[in-house]
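The values are calculated or read from the model by the stated rules, or taken from the named source; none is laboratory data. Every value quoted in this text rests on a predicted model; they were computed, and no experiment measured them. Cβ placement follows ideal geometry from the backbone for every residue including glycine, while neighbour counts extend to all protein chains displayed.
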Amino acid sequence: MNWGMKNRISRIIMPKTGRCVMLAVDHGYFQGPTTGLVNLGKTVKPLLPYADALMITRGAIRNWIDPAVDIPIILRVSGGQSILKELSNEVITTNIDDAIRINASAITCSVYVGGEYEKETINNLSKLVDEGEKYGIPVLAVTAVGKDMARDARYLGLASRICVEIGAHMIKTYYTEEFEKVVEACGNVPVVIAGGKKLPEMEALQMSHDAVSSGAVGVDMGRNIFQSDNPVGMIQAVRAIVHEGKSVDEAYEIYEGSKK
């Protein structure tokens, strides 16, 4: 791994703690103006001081994010489908030149292991890794899960390991029981968990705690933060778990206390 790539990863995963809190707001690329992101800029602005990195598309960053903001960008570069169609039918939508122009710290795509277009999405990842290696830009592989796929350690370990073998530099996957097996399957490649659908705040905090306790380097949350009734308090609480080792109860107190 070259110096530039190591430097970009160190901007995302904090060297002091070895962990990270990513804020995912790339949902619009297949869900449109989903709840909480109709005015993406208004939603994101108060959350940025507490996020270590922002996962976003190139259109969204140009429309809603101030270029003077100092936050690492994880640029979503895959898409081509909507919730009305087969989700796994993705293509690469953004070239490496635009990622460089945006000054992305990483690029990301989804890989649908077990999906109808599994081979095509694995091929997307392979091409991104090749391009990223040329320019020192790490690739975050997202193990996307279809409606009918089991989110267990065996499946997620399979999907994550395939992404590692193809050359991904970071993995984003779902939390499950025996998550340490998923982490072990990834070797030295850092793993973050996806927040997934909106959960009650206590459940989302418990999931974050259990994930980092099982070896994840952090979380990449979206809906569990920006759809919360207290988004700033929620991201502060998640950050307390990930970076400070706070308990779930202590983190929940931060979330509740922020309301006041």
Qualifying positions in the stretch 145-200 - within 24 Å of residue 132 (Cβ to Cβ) and among the β-branched types (Val, Ile, Thr): 145, 162, 164, 166, 171, 173, 182, 183, 189, 191, 192, 193
Determine whether residue 254 is in contact (Cβ under 8 Å) with a residue 24 or more places away in the chain and either in contact with a Phe, Trp or Tyr (Cβ under 9 Å, 6 or more places away or on another chain) or aliphatic (A, V, I, L, M) (or both). no
So which of 106, 68, 60 is touching a residue at least 40 places away in the same chain (Cβ under 8 Å) and small (Gly, Ala, Ser)? 106
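Let's see how each residue does on (1) modelled with pLDDT of 95 or more; (2) farther than 21 Å from residue 24 by Cα:
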{"residue": "105", "(1), (2)": "yes, no"}
{"residue": "109", "(1), (2)": "yes, no"}
{"residue": "150", "(1), (2)": "no, yes"}
{"residue": "159", "(1), (2)": "yes, no"}
{"residue": "164", "(1), (2)": "yes, yes"}
{"residue": "167", "(1), (2)": "yes, yes"}
Index of the failed condition, residue 224 passing every other in (1) under 24 Å from residue 138 (Cα atoms); (2) within 15 Å of the chain's Cα centre (by Cα); (3) without any contact (Cβ under 8 Å) to a residue 40 or more places away in the chain: (1)
Any idea which residue in the stretch 26-69 is surrounded by the most Cβ atoms within 10 Å (Cβ to Cβ), counting only those that are within 17 Å of residue 101 (Cβ to Cβ) and of a type in the set (D, E, K, R)? 58
Kindly indicate whether any position in the stretch 143-164 is under 26 Å from residue 213 (Cβ atoms) and acidic (Asp, Glu). yes
Sole exception among (1) over 20 Å from residue 234 (Cβ atoms); (2) touching a helix residue (DSSP H, G or I) at 6+ places or on another chain (Cβ under 7 Å); (3) surrounded by fewer than 20 Cβ atoms within 10 Å (Cβ to Cβ) for residue 5, by number: (2)
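Per-residue answers, yes or no, for (1) at pLDDT below 95; (2) under 25 Å from residue 83 (Cβ atoms); (3) part of a helix (DSSP H, G or I); (4) within 18 Å of the chain's Cα centre (by Cα):
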site	(1), (2), (3), (4)
216	no, no, no, yes
229	no, yes, no, no
253	no, no, yes, no
258	yes, no, yes, no
The stretch 72-92, subset more than 18 Å from the chain's Cα centre (by Cα) and of a type outside the set (A, V, I, L, M), residue surrounded by the most Cβ atoms within 10 Å (Cβ to Cβ): 81
Hey, does the stretch 30-38 have a residue that's without any contact (Cβ under 8 Å) to a residue 60 or more places away in the chain and within 28 Å of residue 133 (Cα to Cα)? yes
When residue 77 is run through (1) farther than 19 Å from residue 144 by Cβ; (2) out of contact with any Pro (no Cβ under 8 Å at 6 or more places or on another chain), the failure sits at (1)
